[in-house]
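Enquirer: First the structure, which I've put down as structure tokens, then a few questions once you've had a look.
We did not get these values from a lab; they are worked out from the coordinates using the rules stated. Everything numeric in this text was worked out from a predicted model, so none of it was measured. Quick reminder, even Gly has a Cβ in these numbers, built from the backbone with ideal geometry, and neighbours come from all protein chains shown.
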Amino acid sequence: MKKLGTVRTLLRIFPYAKKALPRIVLGTIAAISGHMFALAIPEFLGNLIDSIAVNATFDALLLAVFAVLGMGLLESVMVLLRRWLVLTPGTHVEAGLRRTLYAKLQDLEVAFHDKWPSGQLLSRASSDLSMIRRWLSFGLVLLVANMFTIVVGFLVLYSYNWILATIFFVVMSPLWVLGFKFEKEYHATARMSQDQAGDLATSVEESVHGIRVIKSFGRGSFMTEKFANDALKLRGTELKKAKMVSRLWFYFSTIPDIALGLCLLVGVWQIVQGDLTIGALSSFILITRVLHWPIDSIGFLLSMTIDARTAVERFFEVIDTKVDISDPEQPKSIAEPKGHLVFENVSFRYADAPKEQRDLIDGVNLDIQPGESVALIGITGSGKTSLTALATRLYEVTGGSVKLDGVDIRDLSREELRSHIAMAFEDSTLFSDTIRNNVLLGRPESTEEDLAQALEIAQASFAYDLPDGLDTKIGEEGLSLSGGQRQRIALARAVAAKPAVLVLDDPLSALDVDTEAMVEDALRTVLKATTALIVAHRPSTVQLADKVALLQDGKITAFGKHSDLLASNEHYRYVISSLDAAGKMIEVNN
Amino acid sequence: MSMQGVKNEEKIELSKEEQARVRERSLKLLGEIIKPVKNRLFISLALVITSQALRVSGPWLIALIIDRGIPDAMAGDSSTVIWTVGGYLATSIAAGFTIAYFLRFAARVSQDIMFGLRKRLFRHTQRLSVEFHETYTSGRVIARQTSDLDSIKELLDSGGSEMISGILFMLFTAIALVTLDASSFLIMLVSFIPLFFLTRWFQKNTRISYRKTRVASAKLIVHFVESMTGIRAVKAFRKEKRNEDTYKDLVEDYRAVNAKVIQLFGIYDPGLIMIGNITVAFVLLWGGFRVIEGDLGIGVLISCILYARSFYEPMENLAMFYNSYQSANSALEKISGVLEEEPSVPEATNPTPLAPRKGHIQFNTVEFAYSNGKVVLPKFNMDIPAGQTIALVGTTGAGKSTLAKLIGRFYDPSAGTVELDGVDLRQLTDDDLRKAVVMVTQEAYLFSGTVAENISLGKPEATMEEIEISAKAVGAHEFILSLPDGYNTDVNKRGGRVSSGQRQLISFARAFIADPTVLILDEATSSLDIPSERMVQKGLQTLLAGRTAIIIAHRLSTVSIADRVVVMEHGQIIEDDEPAVLIAGTGKFAKMHKAWRDSLV
């Protein structure tokens, strides 16, 4: 990706802030007006002081007091106006960005999610976006307003006394150089700190999701040490940032003071010469005091701007990612799906597989007729799960094509494709929702009978006995259920979707023999009418299917009935059977 | 309602007692996290006092220049001007230096606090039992450790130093004003009355709103994490649109409460400015009046006005600090709740050392029930001699995993004791217990990092050679070599690249390398194909020699390596004997075994 400068990076966020822009502009104007009123106060005071020196009257005093009061009130009203104008739209922009990011992440293919640690995504969706909001409604507004105020302040200073103003301006000029230098240095460090924060979030996530493994190996302190190391790195980066900011702060607070000191010296000299009145010098001093905060603040506004730039960069790193598995421009549609699933010379490899390695799926041809069920057999790592994932485009074929009822699945919208093909994964991801909603995920409009039937088939009637029956909320990832229970709910979910094609990835692995037998009996009725592709490790699961396909070295090397293959294919026997050719149990002991 | 731990943590409106209780524990936590950095805090305080004193002397020197320097210079003596201007420059530079160093010190302090708090929270959640994690959900734990900590960081980053320097600046300004012109100071004192009421109003309203933000933000994170970790299922079941709708509502809830808080601050802050400006006008009126009367020098008036104006300058920062304090306070309320949670499986206070390990396990009248009172395992006794391999069989939900988890001390029994080599598990240090007992479950979680790192989790100090030996032993070596970078392949998030069978092999190697006395395998081979399972079992034969093992598997092939089979049903042990005896008999196991044999063909 091409590196953009700070300004151009930040400009990219504006299309997302379109609605808020008018109010941000108005807010900036309000901020400037507030500053102008503040700037005007010294003018009145200066006049007052001069008039008192010449001819002290109460009228002049009252006039000045009312002016100061009026200006002061106006200033606070302007601040109120600025905040009111800018803050609420800012939250809308943040919310919009958050929704955009979330939608994009859901749109991106599984391969993207495999690559990106989830903590990095989370840190983008939370702290980065609020950083952008704060910058838009605070940093940007004040940066513009303060810069403007400084310029006007200088003009006013010039109008009072051009010599003093020139001194002030010249002494202050190194600040520009320092500011630009800072921008360069600070950016890399800010980026590092945000990335490290994302890494920490990832560690936190994994420590929670993998808590059982950590506990069973007693690695709690080990993980804590590792986490502490990462946290220490972040601490180091933050300290580095603080060092840079403190240096900048030093310059931005000291140099204006030095400038003022020199002005005082020259000012007094001018008074002595009779070129300047005390009142005018007082006004000059008061104005520089009013300018003090805007100048001071530039330092920290600059660091905030750079933090925001980094956040914007990180946001666009996700948004700019091309969705590799997307909907066709003019999707075809299958009006009445029959469930004829064909793999035509399909090949597939993971993007990061070594070059010299053959494709994981290396020319698979498989024709599954409507209503037919095929078991997919192969040793661990042979690509069974990857092959099933190709059917719903969770991953995309790298060669050949998958067709459903004669239509290349890439010509269907993903939505439609996935409504025709339902999957049950091996790791049964359930969502924190009721049992009912989890089961009906693929077809929310189903009737109660459909629901009951799906639970019946998956032997998941235990769900009725849960505290609130089918309305029991199961924990995040369904953790309060046992592995077998979760698997059955996930199976019920696939069945309840009533798809044309069912893809089941080792759907019964966590079930005991009895339950497995019951599920199999019930599933048979479903499978009579449904096309199915079933990844299997056991002969019992294989028996569910009409035919078996053997995946070996990336190809389907045998296809046929279980009993035929068992008799004729040695590799098949090796993969699926615990019995030797003579029908005797292969004992591990010998 | 009790506010113990994380109970009712989403409650917004608290009663007086609850409020007091929650405030007490978060203040206590605040005290605890500040304690280790106390000394540094004092140094930064000293730095900030110096710098603010220097800063405040600025207007005073300007008054000197105008009131003394100019008349002297007019009279031809420019030394006063030179001295005072020189003093002004010196104090400015000194003030700049001290502020810069103060900023560094303050960053040090706040980073140390953050580091300590991060580590403490991480360690504590690691200590909490599995039961806690199952009910609290991972998303909330993550929210506590990310967004809640962020808001504390914000307080420390900007707030802490702003507050101290702001208060001191105001204090010094007040002192300077008193010495310069006490009556102007009295005017300023009057302005404290509206200030007080405005702040009270702000405090009351924000406390509730910030609590709402914390809850809304946690919900947002919970949903986000769940959708991202379950992205396959989300896609497969076309949940994207529905998710977007849910998320949209959550985002809006969060936005609305956040906007509310910001709006409150949007009134508070200009309110402060207004009070300040009105006060300045009054100071001018009173001072100007006296100048006209000839009671006051013009220089003093200018200084008074400068002081009065700058007195309110830090107000905005203070308001911001107070704002982040309120936000951080709600976060502290939640975090202190988590820290208050005690592990339901507490560590031994007076641990009995365990040596040498043999692996003899005894269940003495053990009963296990969930905290809701539902009995899972009714009272039973069981003795597993050291070195024995037990196959634990029975239907799903019979209580096999629960029994295994009692040995791994994921839970403690509700009655009776589980003993290892005659020592109650509760009397063992976690370290001793985990060295002795390792549990491999069906859910083979891989952490991001390399394959080698994942295996060496079982023994962090393991050499590459040991890692390879253990991988070979379970038959994982081959496939690991075929990965892009062999043992150094990054397994990525949740092990996306390796298949579930391969994940199980890696977690087996992990157990192998850990070399425990007691090994529990809970459905640890469920995703393996038959050849791999055979390989693992072969490895197990070597591994299990001289060890105690409890194997739970639905595939009864395990039985062939077991010395003893225990059959469970509805939480009770119904058969317990040598495999050959049970197979030959007519009981439940004989039937299961026959059904399984039949399923093999």
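Enquirer: Just to confirm a number: summing +1 for Lys and Arg and -1 for Asp and Glu over residues other than B:Gly58 whose beta-carbon lies under 11 angstrom from that of B:Gly58, what do you get?
Expert: Value of the local net charge: +1.
Enquirer: Further question on the same structure: What nm value, rounded to one decimal, do you get for the distance between B:Tyr370 and A:Trp162 when each label is placed 7 Å out toward the C-beta?
Expert: 8.6
Enquirer: OK, next. Ranking B:His360, A:His35 by Cβ neighbours within 10 Å, fewest first, what do you get? List each step's numbers first, then the result.
Expert: Details: B:His360 19, A:His35 25.
Result, fewest neighbours first: B:His360, A:His35.
Enquirer: Taking beta carbons within 10 Å but only from partner chains, what does the mean come to for residues A:524-533? Show your work: numbers first, answer last.
Expert: Details: counts 0, 0, 0, 0, 0, 0, 0, 0, 0, 0.
Going residue by residue through A:524-533 and averaging, the value is 0.
Enquirer: What FRET efficiency do you get for A:Thr100 and A:Asp352 if R0 is 45 Å and r is their Cβ-Cβ distance, rounded to the nearest 0.05?
Expert: 0.95
Enquirer: Something else about it: Hey, can you grab everything whose amide H is under 5 Å from the amide H of B:Ile551? Only 5+ residues off in sequence or another chain; H modelled, so Pro and N-termini drop out.
Expert: Those qualifying (amide H under 5 Å, at least 5 residues apart or on another chain) are B:Ile390, B:Ala391, B:Leu392, B:Leu521.
Enquirer: Averaged over its residues, how many other protein chain Cβ atoms are within 10 Å of peptide B:103-112's Cβ atoms?
Expert: 5
Enquirer: Oh, and also: Let's test the formula: R0 of 45 Å, r as the Cβ-Cβ distance of B:Asp577 and B:Glu342. What FRET efficiency results, to the nearest 0.05?
Expert: E between B:Asp577 and B:Glu342, to the nearest 0.05, is 0.65.
Enquirer: Put a dot 7 Å past each Cα toward the Cβ at B:Phe197 and B:Arg40; how far apart are the dots in nm?
Expert: Going from the B:Arg40 label point to the B:Phe197 one covers 4.3 nm.
Enquirer: Now a separate question. Round to the nearest 0.05 the FRET efficiency obtained for B:Asp485 and A:Asp320 when R0 = 25 Å and r is the Cβ-Cβ distance.
Expert: About 0.35, to the nearest 0.05.
Enquirer: Now for a different question. Picking from A:Gly560, A:Val513, A:Val439, whose Cα lies most toward the positive end of the charge dipole for the stretch A:341-576 (charges on Cβ: Lys, Arg +1; Asp, Glu -1)?
Expert: Positive-most Cα among the choices belongs to A:Gly560.
Enquirer: For B:Met228, B:Met315, which order do you get if you count the other beta carbons within 10 Å of each Cβ and list the fewest first? Don't skip to the answer; put the middle values down first.
Expert: On the way: B:Met228 21, B:Met315 18.
By the 10 Å Cβ count, ascending: B:Met315, B:Met228.
Enquirer: From the phi angles alone, apply the Karplus equation (6.51, -1.76, 1.60; θ = phi - 60°) to the stretch A:353-366 and give each ³J(HN,Hα) in whole Hz, x where the residue is Gly or Pro.
Expert: Result, rounded to whole Hz: 5, x, 4, 6, 7, 5, 4, 4, 9, 10, x, 8, 10, 8.
Enquirer: Something else about it: What does the average come to when, for each residue of peptide B:429-439, you count the partner chain Cβ atoms lying within 10 Å of its Cβ?
Expert: Partner Cβ neighbours, averaged per residue: 3.
Enquirer: Each residue of the stretch A:145-157 in turn: what ³J(HN,Hα) in whole Hz from Karplus with 6.51, -1.76, 1.60 and θ = phi - 60°, glycine and Pro shown as x?
Expert: These are the phi-based 3J(HN,Hα) values: 5, 5, 4, 4, 4, 4, 4, 4, x, 5, 4, 4, 4 Hz.
Enquirer: For a label point 7 Å from the Cα of A:Lys332 along Cα→C-beta, name the residues of the stretch A:379-400 whose backbone N is under 19 Å from it.
Expert: It comes to A:390-394, A:396-400, nothing else.
Enquirer: Quick one: Cα centre-to-centre distance for the stretch B:16-94 and the stretch A:397-450, in angstrom?
Expert: What the calculation gives is 67 Å, centre to centre.
Enquirer: Then there is this: Which ordering of B:Val251, A:Val110, A:Val151 is given by a fewest-first count of other beta-carbon atoms within 10 Å? Display every interim value, and only then the final one.
Expert: On the way: B:Val251 24, A:Val110 19, A:Val151 10.
Lowest to highest Cβ neighbour count: A:Val151, A:Val110, B:Val251.
Enquirer: Order B:366-373, A:140-147 from most to least packed using the mean count of other Cβ atoms within 10 Å.
Expert: Highest to lowest by the protection proxy: A:140-147, B:366-373.
Enquirer: So if I take the centroid of the Cα atoms in the stretch B:554-589 and the same for the stretch B:245-298, what is the distance between those two points in Å?
Expert: Rounded to whole Å, the Cα centres lie 78 Å apart.
Enquirer: Also: For a 31 Å ceiling on Cα separation, which of these pairs sit above it: A:Lys18/B:Lys260; A:Lys19/B:Lys11; A:Lys215/B:Lys239; A:Lys226/B:Lys11; B:Lys538/B:Lys588? Present the calculation step by step, with values, prior to reporting the outcome.
Expert: Numbers: A:Lys18/B:Lys260 22 Å; A:Lys19/B:Lys11 35 Å; A:Lys215/B:Lys239 33 Å; A:Lys226/B:Lys11 35 Å; B:Lys538/B:Lys588 27 Å.
Distance filter (> 31 Å) returns A:Lys19/B:Lys11; A:Lys215/B:Lys239; A:Lys226/B:Lys11.
Enquirer: Still on this structure, please answer the following. Could you run the Karplus curve 6.51 cos²θ - 1.76 cosθ + 1.60 with θ = phi - 60° over the stretch A:464-472 and give me ³J(HN,Hα) per residue in whole Hz, x for Gly and Pro?
Expert: Computed from phi, the couplings for the stretch A:464-472 are 5, 8, 5, x, 10, x, 6, 8, 5 Hz.
Enquirer: Ranked highest first by average number of other Cβ atoms within 10 Å, how do A:502-508, B:106-112 line up?
Expert: A:502-508, B:106-112
Enquirer: List the relative contact order of the stretch B:1-88 as a percent without decimals, with contacts defined as Cα pairs under 8 Å and 6+ residues apart.
Expert: Once normalised by length, the contact order is 17 percent.
Enquirer: Order A:125-134, B:10-19 from most to least packed using the mean count of other Cβ atoms within 10 Å.
Expert: A:125-134, B:10-19
Enquirer: Moving to a separate point now. Could you name the lysines whose alpha carbon sits less than 17 Å from that of A:Lys233, not counting residues in the same chain fewer than 8 places away?
Expert: Partners within reach: A:Lys241, A:Lys243, B:Lys119, B:Lys153.
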